[in-house]
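**Student:** This structure is in structure tokens; I'll ask about it shortly.
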Amino acid sequence: MSIWDDMQTELVSLAERDLLRDPRVVDSPCASHVTVDGREVVCLCSNDYLALANDPAVVSAAAEGVRQWGFGSGASRLVCGTLRPHRLLEEELAAFKHADDAMLCSTGWMANRIAILSLASAGDLILSDKLNHASILDATRASGARVRSYSHCDMDRLEALLTKHRADHRRCLIVTDSVFSMDGDVAPLAEIVALKNRFDATLMIDDAHGTGVLGAQGRGAAEGAGVESGIDVTVGTLSKALGCIGGFIASRQAHVDLLRSTARAYIYTTALPPAVAEAARAALRLVQAEPERRQRVLAMADDLRMQLGAAGLETLNSTTQILPVVVGEAGDAVRLSQQLFDAGFFAAAIRPPTVGPNSSRLRISLSSGHTEDEIRRFGDTLIALVGQ
């Protein structure tokens, strides 16, 4: 068989297992309500947690950025692609994250790869939570280091791995998501910091889903846990709560300086459009000036968790704006998602390989743009459908 025949066979297999994807096309801007197939539905599956993707101030900053700077950056950062908005955003992100400096990357995936490859290589040890994002898992495998995973948020297992293997390796990197994107729970950062200090390790967190939402000032999960000074490297994105696109690495000055001269994905990638940086700067200002956005979304998430829990629906250990409702089989999750869509709620089915076998789910993600009434109605609809 040719490679094309093999592909067709694989497509048939995916369809038979309810794993073939056909993304819905949205015909309106990213918001708490979107238009799909000619009808308006409540969107409960975007990462626009603070309703900034279509916020007038963010849109205006992007438009003014295009007028002043054009659209494309024209080159990689080290040639002539570093425009003033890029550098201003890096400085503002570093200040926000209480880091010496920050490096802007084209995506969060790219940021994780750059950071991990700079922190561990052959002869080193990486300890990684089993539920870390795919970008972390792929980067650890590419690093050349010895990689061991520990059961999700299992501090006894992490300690056991450190006790057994740390002394045999030059350096040790502990890497974890701060907020786990499919479960909505938060890593036990205080305990991880204590283990990092005890075993002379380096700690990197991916704060993609915590930045802007958690912590009194919105600086993320480490601020919420009171351990910002114990985090060595923070990777974040502009594409979640900030409503833009791109990633960043916030770290010590020597680390960021070295990355600018050695990180291949940074050196050989065209820089983000400067208008994106201007939009992200505006979003970052709103995160700091309007704490009611994160307070609102977290309060609605608490209410929905309580409503679902009272009806016997599990949301795992979620404590954030992300609420998983595990269904089990992929086909069942797809059918439940369609039933909700028919009722006016867009909640996508998440299936393997994004989650493990027999753990397909609805990943419900809330936005400050939602209203309490529509979230309550969603909860009532979901409970009724599951109870059928």
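**Student:** Six or more apart or on different chains, Cβ under 6 Å: which pairs go from a residue in the stretch 65-81 that's closer than 23 Å to Arg260 by Cα to one that's of a type in the set (Val, Ile, Thr) and part of a helix (DSSP H, G or I)? Could you list them?
**Tutor:** Every condition considered, the pairs that remain are Leu78/Ile267.
**Student:** Okay, next question. Given the residues Ser106, Ser128, which is the only one that is farther than 25 Å from Phe199 by Cβ, of a type outside the set (A, V, I, L, M), in the same structural domain as Ala254 (by TED's automatic domain parsing) and touching a Ser or Thr at 6+ places or on another chain (Cβ under 9 Å)?
**Tutor:** Selected residue: Ser106, the only one of Ser106, Ser128 that is farther than 25 Å from Phe199 by Cβ, of a type outside the set (A, V, I, L, M), in the same structural domain as Ala254 (by TED's automatic domain parsing) and touching a Ser or Thr at 6+ places or on another chain (Cβ under 9 Å).
**Student:** Residues to consider are Leu88, Leu52; find the one that is closer than 23 Å to Pro274 by Cα and part of a helix (DSSP H, G or I).
**Tutor:** Sole residue among the options that is closer than 23 Å to Pro274 by Cα and part of a helix (DSSP H, G or I): Leu88.
**Student:** Please indicate, with yes or no, whether at least one residue in the stretch 95-103 is under 16 Å from Leu284 (Cβ atoms) and either among the acidic types (Asp, Glu) or not assigned by TED's automatic domain parsing to the domain that holds Asp257 (or both).
**Tutor:** Within the stretch 95-103 (the criterion being under 16 Å from Leu284 (Cβ atoms) and either among the acidic types (Asp, Glu) or not assigned by TED's automatic domain parsing to the domain that holds Asp257 (or both)), the answer is yes, since at least one residue qualifies.
**Student:** Considering each of Asp100, Asp37 in turn, give the residue that is more than 30 Å from Ile267 (Cβ to Cβ) and of a type outside the set (A, V, I, L, M).
**Tutor:** Asp37
**Student:** I'm checking my understanding of the structure. Among residues of the stretch 342-367 that are surrounded by fewer than 18 Cβ atoms within 10 Å (Cβ to Cβ) and either among the β-branched types (Val, Ile, Thr) or closer than 26 Å to Ala53 by Cα (or both), which one is nearest to the chain's Cα centre (by Cα)?
**Tutor:** So the residue we want is Thr354.
**Student:** While we're on this one: Regarding the stretch 217-232, can at least one residue be identified that is within 24 Å of Ser60 (Cβ to Cβ), surrounded by 19 or more Cβ atoms within 10 Å (Cβ to Cβ) and assigned by TED's automatic domain parsing to the domain that holds His86?
**Tutor:** Checking the stretch 217-232: at least one residue is within 24 Å of Ser60 (Cβ to Cβ), surrounded by 19 or more Cβ atoms within 10 Å (Cβ to Cβ) and assigned by TED's automatic domain parsing to the domain that holds His86.
**Student:** Right, something else. If you go through the stretch 6-16 one residue at a time, do you hit one that is at pLDDT 95 or above and either assigned by TED's automatic domain parsing to the domain that holds Gly220 or closer than 22 Å to Leu298 by Cβ (or both)?
**Tutor:** no
**Student:** Kindly provide the set of residues from the stretch 289-330 that are of a type outside the set (Gly, Ala, Ser) and either buried (at least 22 other Cβ atoms within 10 Å of the Cβ) or touching a Pro at 6+ places or on another chain (Cβ under 8 Å) (or both), ordered by number.
**Tutor:** Listed by number, the residues that qualify are Arg293, Arg294, Val297, Leu304, Thr315, Leu316, Thr320, Gln321, Ile322, Leu323, Pro324, Val327.
**Student:** Quick test for you: out of Ala167, Ala190, pick the one residue that is within 21 Å of the chain's Cα centre (by Cα), small (Gly, Ala, Ser) and surrounded by fewer than 21 Cβ atoms within 10 Å (Cβ to Cβ).
**Tutor:** Of Ala167, Ala190, the one residue that is within 21 Å of the chain's Cα centre (by Cα), small (Gly, Ala, Ser) and surrounded by fewer than 21 Cβ atoms within 10 Å (Cβ to Cβ) is Ala190.
**Student:** Is at least one residue of the stretch 132-151 in a helix (DSSP H, G or I), in contact with an Asp or Glu (Cβ under 8 Å, 6 or more places away or on another chain) and of a type in the set (A, V, I, L, M, F, W, C)?
**Tutor:** yes
**Student:** Just for the stretch 170-185: of the residues that are surrounded by fewer than 22 Cβ atoms within 10 Å (Cβ to Cβ) and more than 12 Å from the chain's Cα centre (by Cα), which one is farthest from Ala225 (Cα to Cα)?
**Tutor:** Arg170
**Student:** Sticking with this structure for a sec: Could you check, for the stretch 243-254, whether at least one of its residues is buried (at least 23 other Cβ atoms within 10 Å of the Cβ) and among the polar types (S, T, N, Q)?
**Tutor:** yes
The values are calculated or read from the model by the stated rules, or taken from the named source; none is laboratory data. Computed from a predicted model, the values in this text were never measured in an experiment. Methodologically, a virtual Cβ is constructed for each residue, glycine included, from the backbone with ideal geometry; neighbour enumeration extends over all protein chains shown.
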